[in-house]
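Here is the structure we will look at.
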Amino acid sequence: MRTLIKNGLVITASDELNADVLIEGETVAAVAATGSSVAEGWSADTVLDAAGLYVIPGGVDAHTHMELPFGGTAASDTFETGSRAAAWGGTTTIVDFAVQSVGKSLREGLDTWHAKAEGQCAIDYAFHMILADVTDESLKEMDGLVDEGVTSFKLFMAYPGVFYSDDGKILRAMQRGAENGGLIMMHAENGIAIDVLVEQALAQGKTDPRYHGEVRKALLESEATYRAIQLARVAEAPLYVVHVSAAEAVAELTRARDLGLNVFGETCPQYLFCSTDDLAKPDFEGAKYVCSTPLRPVEHQEALWRALRGDDLSVISTDHCPFCFVGQKELGRGDFSKIPNGMPGVENRMDLLHQAVVDGHISRRRWIELACATPARMFGLYPKKGTIAPGADADIVLYDPQGSYTMSAATHHMNVDYSAYEGKTVAGHSKTVLSRGRVIIDGGQYLGQTGHGRFTPRSTCQYLT
Ligand code: URP
Ligand code: ZN
Ligand code: ZN
């Protein structure tokens, strides 16, 4: 089965060229300049005309939480609904977080996540592992997971009593990662200090969602980021800091990277397009924007964009963790600390970042680098994922840069009753989406299949110096 994509502008992290793409079966067979004798000689069973469109690698979203149990409820997207919504938004690979429960093994947690995802996904998927209980046994188990293609481990300096690890546990996990090649991903917020401020705020009657942002102070993000970096230096381990939102935390990453350390940072669209103004919306609407790290005052956004341009932040993931407003976010009416943490966005990322191109924040190639190529390299999926090149999986999006539309819960495909971007008009959208050579979205229709998506084992981080 051969598919030919003709006449488009092929954009990867490194190049932009007017080229045709030949797909054989599930992978890219060749790329050649449009009109060249090579391309003119190609024949195919299916020809897709990409005139006026960008031909880009499918998005790689390296941070999602489908069905995550949290705060007495669970994230509202299943692997089926969430992976389908990702496809609608031009994302063709997700890396979700399997969870170790306290007192349980990594094996048990990973098996549970495999059972949730297997046969359910519209697109390919992989797993990180959340280390909630660092013990001699779970440290040993890390080695086996790396061999199975689960090569990154998230630790939390926040959420005491749930996912929290103290500095000793973090150091031990980092040391093990340094030995077995596993990349430590850090939720960097000082959760012990935050819990004191939460208690004090509630005692003063400060119960609205906006206080979630006030107690989770930027300084407590930057302090934890600094501490995580120093622990990684002691362990001689690489470090990936997730969902960075504060300018002060970015400064710590910049300092580390200027020293040449293997320290990497990720941010998310909500920190670039939303702010504490959203958290302060009346009638409990601010609950829709409760996530951790929290949204920051709008001034922080410029520091994030600058770091994204200069590579002090290298990846944009969604941290997709949706909870419906009705019945889930509402659990925190009268006590902001009971609002389940997380925001939806797996469907919105590629379009918001294309909008950032239109707005002049990043270049087209940087868009692809931040959303496709670097996440694939960071988590050992490149060049199978994240680029368009011979041998790569044919995960390809025909992107209409003029396909303006308005984001809304009424039209999105995520299983959540609100959009964080309700009413926002963006310049473009994914017109046709291919996953391993198969058209799964075309012209406003879903043509994919539940279970088409496969678990994709990963190699270790491809950035280490
Ligand atoms: O608020 C968030 N980010 N929820 C998901 C869990 C996490 O910390 O990533
Ligand atoms: Zn986190
Ligand atoms: Zn997360």
If you roll a 1.4 Å probe over the heavy atoms of the protein chains, what accessible area per residue do you get for segment 326-465, in Å²?
36 Å²
Highest mean packing first, using Cβ neighbours within 10 angstrom, the peptides 280-286, 450-456 sort as 450-456, 280-286
Between the helical axis of 106-117 and the dominant principal axis of the chain, each derived from Cα atoms, what acute angle in degrees is found, rounded to the nearest 10?
50 degrees
Can you tell me what share of the DSSP beta bridges in the chain is antiparallel? A percent to the nearest 5 is fine.
50 percent
Taking all pairs of distinct Cα atoms, average 1/r, flip it, and tell me the Kirkwood hydrodynamic radius of segment 162-220 in Å to one decimal place.
13.5 Å
Using only alpha carbon pairs under 8 Å that are at least six residues apart, calculate the relative contact order of the chain and give it in whole percent.
22 percent
Can you tell me the 0 to 90 degree angle between the C-alpha axis of helix 218-235 and the longest principal axis of the chain, rounded to 10?
80 degrees
Given a cut-off of 30 Å, what percent of all Cα-Cα pairs of the chain lie beyond it?
41 percent
Sorted by average packing, counted as other Cβ atoms within 10 angstrom per residue and highest first, what order do 307-316, 124-133 take?
124-133, 307-316
Mean accessible area per residue over segment 16-96 (1.4 angstrom probe, all protein chains present, square angstrom) is 32 Å²
Can you send over the carbon and sulfur percentage of the accessible area for the chain, probe radius 1.4 Å, protein chains only?
49 percent
How large is log10 I(q)/I(0) at q = 0.15, 0.16, 0.22 Å⁻¹ when the Debye formula is applied to the Cα atoms of segment 1-140, each weighted equally and without solvent?
-0.82, -0.87, -1.25
By what distance, in whole Å, do the Cα atoms of segment 185-327 stretch along each of the three principal axes, largest value first?
47, 30, 26
Quickly rank 235-246, 193-204 as a protection proxy: mean count of other C-beta atoms within 10 Å, highest first.
235-246, 193-204
In the neighborhood of His452, defined by Cβ-to-Cβ distances under 14 Å, what is the net charge if each Lys or Arg adds +1 and each Asp or Glu adds -1?
-2
Value of D in µm² per second that Stokes-Einstein yields for segment 106-226, Kirkwood Rh from Cα pairs, at 20 °C (1.002 mPa s):
133 µm²/s
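The values are calculated or read from the model by the stated rules, or taken from the named source; none is laboratory data. Keep in mind it's a predicted model, so treat the numbers as computed, not measured. Note that each Cβ is placed from the backbone with ideal geometry, even for glycine, and that neighbours are counted across all protein chains shown. With ligands, DNA and RNA removed, areas are computed over all heavy atoms of the protein, side chains included. Shrake-Rupley method; radii C 1.70, N 1.55, O 1.52, S 1.80 Å.
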